[in-house]
1. Out of the total accessible area of segment 130-275 (probe 1.4 Å, heavy atoms of protein only), what percent is carbon and sulfur?
2. Let me check something: with ligands and nucleic acids excluded, how do Ser142, Ser275 order by accessible area (1.4 Å probe), largest to smallest?
Amino acid sequence: MAEAAAVAAESLAGGRARAARTVLNQVVLPGEELLLPEQEDAEGPGGGGERPLRLNAGARSRVRVVCGPGLRRCGDRLLVTKCGRLRHKEPGSGSGGGVYWVDSQQKRYVPVKGDHVIGIVTAKSGDIFKVDVGGSEPASLSYLAFEGATKRNRPNVQVGDLIYGQFVVANKDMEPEMVCIDSCGRANGMGVIGHDGLLFKVTLGLIRKLLAPDCEIIQEVGKLYPLEIVFGMNGRIWVKAKTIQQTLILANILEACEHMTTDQRKQIFSRLAES
């Protein structure tokens, strides 16, 4: 880790732009410029190689490259805006391009369109609810953004309630906007969360780890006790078990899993299963 950071610092100090594919899963620093591979071999043999990707190349560019969190377009290059490891996801078509982003450990959440989050209703202003999602400003939630809600049939939402919803508007120039329905108008699990249970906060990295399709932690937790659990991409987790003691045990396990090895985690789960 220290060696990778030293290489990134040396590259940043020298003003050299590095090829993105050569630093995948390595540490990048804010201010560093990244070059993307040539999108098509228009120059013939030997003419390829790493050079800045022309993001506005028009009809010549057939591959779409998406900049995720931690990266920003700066002319024909990518500029790193936060420290972390550079990640890349190939597109489903396998035609090149894909998504580049910086994976870092952080607790402050920045709203992203499409993210499912857990919010706390803090105020009601006319027909709009103000929801605290852990960002720099509260999100707005209309009373019509619930399944079956009309002007006469309003949802029963009170200040202090927990809301599970998704962002439909999220950018740096506008107030984030939430809804509790999908594109078909169905709740699909979203809405007001029950008053029982426990809400706690973890790092954003742990949330992404727990939501991975092949996450073993959730499978092992589900074998311990019957439970209800909700994950928010803003670092909040709501969990409810049969008793308060079981709920607290599950919350402590999920918080501690971020810093435990696989063997340590298996030992704890085996002890809990025996007891």
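1. With neighbouring chains kept in place, the figure for segment 130-275 is 50 percent.
2. So the residues, ranked largest to smallest area, are Ser275, Ser142.
The values are calculated or read from the model by the stated rules, or taken from the named source; none is laboratory data. Here the structure is a predicted model, which means the values were calculated and not measured. Protein only, heavy atoms only, side chains kept; ligands, DNA and RNA dropped before computing areas. Shrake-Rupley method; radii C 1.70, N 1.55, O 1.52, S 1.80 Å.
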